[in-house]
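Trainee: Just dropping this structure here.
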Amino acid sequence: MRAVAATVVSLLLAGCAVQPKQFDAAENRDRAADLIARSTAGQEAITGPVDLYEAMARAIKYNLDVRVEMMSVALAQRELDVKHYDMLPKFVASLDYSGRNNYSGGTSQSLLTGQTSLEPSTSSDKNVLQSNLQLSWDVLDFGLSYVRAKQAADRVNMAEERKRKVMNRLIEDVRTAYWRAVSAERLLGKIRELETATQTALDLAAKQDKMGLTAPLAPLSYQREMLGIRRDVQALGRELGVAKQQLAALMNLPPNTQYTIAMPPPMQANAPLALPGVADDATAWLQIAIENRPELREVAYQLRANDQENTAALLRALPSLKLFGGLNASTNSLLYNSNWVGWGAMASWNLLNIFRLPAEKAQIKAEGDVLDQRQLALTTAVATQVEVSRARYALRQDELDTARRFYDVQARIEGQIDSGFKAEKLSRQTLIREQMNTLVARVRYDLALADLQNAYANVFASLGIDPVDTSMSTSDPVPELAGKLRGMWEARNAYAGNQQNARVAAVEATRNESARTESARIEPTRVEPTR
């Protein structure tokens, strides 16, 4: 007894001695090195210029936000697998040992006379080992486990919808970053070259002003204009300067990875907007969005799981029936039968659950009402997002068309100025100013193109149309996955182009028919010759 008491006291004191312990510097250093190494481990090396579809494939395959959502789906699936086992009967093996320092004897006393009718006796050894192998099945537990398994299955679907949402946002960000990186790859070198020429022109204008070679207002006005252009160029360059790093982060490339951007073919400013199998109609678009948006699907699964909670509450209010049977064995030598088979049934009913049921059903109804209002609010938000995405895409088309026309005009102006400079009719300062204006116009055109690409991806995201299909897997190699993405998106673009051509042809046919009708309605007028 003293030894047992000393052991218990020692354990209690050891438990009370536990204190907070922070990681030391070496542990933090090792942890950081491990995280950095594992965050970009196992990636396929870049072997050439990265085009849009390879960037999308690498983002889908290696982006850590997508991996987190994929792991969440896998976790939800594992939880569902565990719920399946909860529906099975319980098959329990137990081993029970008991011992004492003397016998647990007993006597019998008469209830009538109060006299002891038997001398002390025992029916158990000092040390007894008893084993039991029992199979039991609770009908109520089975019903509740079935409901919980169905709810766990809906949680798998919810995790899938959250993954779809992250994937849509990721592809939208990749398209924007890629086109900005294209602009940076094409123009940042030119910006640096013209920066030097601009500084030379500014220095010359300042020197002319200081020496009084021209009227004071002319060089000051020139400096103001050049500094304004230079400020615009620096602001645009700042926007483009981090685009390549942003794209690398979306692809989860290791830090300081050097790679080049594949230059895409030029894009038409009047690129069409149409979706395969979807009518170009606001009502049809809204229907598609409500059917496919992951946020609304997630709430729908939550509602279904909440409805199943009504069944669970009703089952908890019912009586429980437990059936059991098993094999038993004991080392007690005083038992007549030391091995036996036992079976039985047991029913129990917590009557207070009946009074609790109305409150539970009211709570479940309130949760359902909240979810229903949430999906109504999401429906309104989705409808707004769809209309905004349509309007935004049309606006970006107009902006790109304006930027393209502005760039064309500015390029022609620069050509005229260059010809005048070569003919020694215009100064180098004037040429540098127009070269800077042309550069600004080109950067703004490229940014308008990037914004249009982002708006195009945003249309698909607002409709809930997946940027990948079921034939694609993150286990595919990057080139194979990029090829599948290219085929899917080019098919979308080809369908959109055919739709646009058909609409243009229909409009032209209508105009021609109207012109013929109008000309037939007007009577020919005789014109007298002028003397």
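The values are calculated or read from the model by the stated rules, or taken from the named source; none is laboratory data. All of these numbers come straight from a predicted model, not from anything done at the bench. Cβ: placed from backbone, ideal geometry, glycine included. Neighbour counts: every protein chain shown. Accessible surface areas use protein heavy atoms only, side chains included; no ligands, DNA or RNA. Shrake-Rupley method; radii C 1.70, N 1.55, O 1.52, S 1.80 Å.
Trainee: Could you tally the net charge around LEU335, taking each other residue with its Cβ under 15 Å from the Cβ of LEU335, Lys/Arg +1 and Asp/Glu -1? Please list the in-between numbers first.
Mentor: On the way: positive: LYS126; negative: ASP96, ASP125.
Local net charge: -1.
Trainee: Counting Lys and Arg as +1 and Asp and Glu as -1, what is the net charge of the other residues whose Cβ lies under 14 Å from the Cβ of VAL50? Mind dumping the intermediate values first?
Mentor: Numbers: positive: ARG58, LYS61, ARG175, ARG180, LYS244, ARG486; negative: GLU44, ASP51, GLU54, GLU185.
With Lys, Arg at +1 and Asp, Glu at -1, the neighbours total +2.
Trainee: While we're here: Using amide H atoms built 1.01 Å from N in the peptide plane, name the residues 5+ places from TRP349, or on other chains, whose amide H lies under 5 Å from its own.
Mentor: Long-range HN contacts for TRP349: SER320.
Trainee: Rounded to two decimals, what ratio of Rg to Rh does the stretch 66-195 give with C-alpha atoms and a Kirkwood Rh?
Mentor: Details: Rg = 35.4 Å, Rh = 22.7 Å.
Value, to two decimals: 1.56.
Trainee: Right, another one. What is the spin-label model distance, in nm, from THR260 to ARG356 if the labels are put 7 Å beyond Cα along the C-beta direction?
Mentor: About 7.0 nm separates the two model spin labels.
Trainee: Further, regarding this structure: With each pseudo-label sitting 7 Å past Cα toward Cβ, what's the GLU79-TRP137 distance in nm, one decimal?
Mentor: My value for the distance between the label points is 2.8 nm.
Trainee: Give the lysines whose C-alpha is closer than 29 Å to that of LYS422, dropping any in the same chain fewer than 8 places away, or say none.
Mentor: LYS190, LYS207, LYS210
Trainee: Please compute the contact order of the stretch 384-490 in relative form: average sequence separation of alpha-carbon pairs under 8 Å and at least six residues apart, divided by the residue count, as a percent.
Mentor: Details: 61 pairs, mean separation 37.4, N = 107.
It comes to 35 percent, rounded to a whole number.
Trainee: How many angstrom separate the Cα center of the stretch 334-355 from the Cα center of the stretch 394-466?
Mentor: Distance between centres, Cα-based: 85 Å.
Trainee: Let me check I've understood the local charge: for ASN168, count other residues with C-beta under 14 angstrom from its C-beta, Lys and Arg +1, Asp and Glu -1. What total comes out?
Mentor: On the way: positive: ARG162, LYS163, ARG164, LYS165, ARG169, ARG175, ARG293, ARG297; negative: ASP65, GLU69, GLU160, GLU161, GLU172, ASP173, GLU295, GLU298, ASP466, ASP469.
Summing Lys and Arg as +1 and Asp and Glu as -1 gives -2.
Trainee: Roughly speaking, what is the stretch gain from VAL8 to ALA25, that is 0.36 nm per residue apart minus the C-alpha to C-alpha distance, in nm to one decimal? It would help to have the intermediate numbers written out before the result.
Mentor: Details: separation 17, 0.36 × 17 = 6.12 nm, distance 3.63 nm.
Gain on extension, VAL8 to ALA25, equals 2.5 nm.
Trainee: Enter the accessible area of TYR97 (Å², nearest 10), with the probe set to 1.4 Å and all protein chains included.
Mentor: TYR97 has an accessible surface of roughly 140 Å² with all protein chains in place.
Trainee: Here is a follow-up. Determine, at each q value in 0.27 (inverse angstroms), the log₁₀ of I(q)/I(0) that the Debye formula gives when each Cα of the stretch 40-121 is one equal point scatterer.
Mentor: Once normalised to I(0) and log-transformed, intensities are -1.23.
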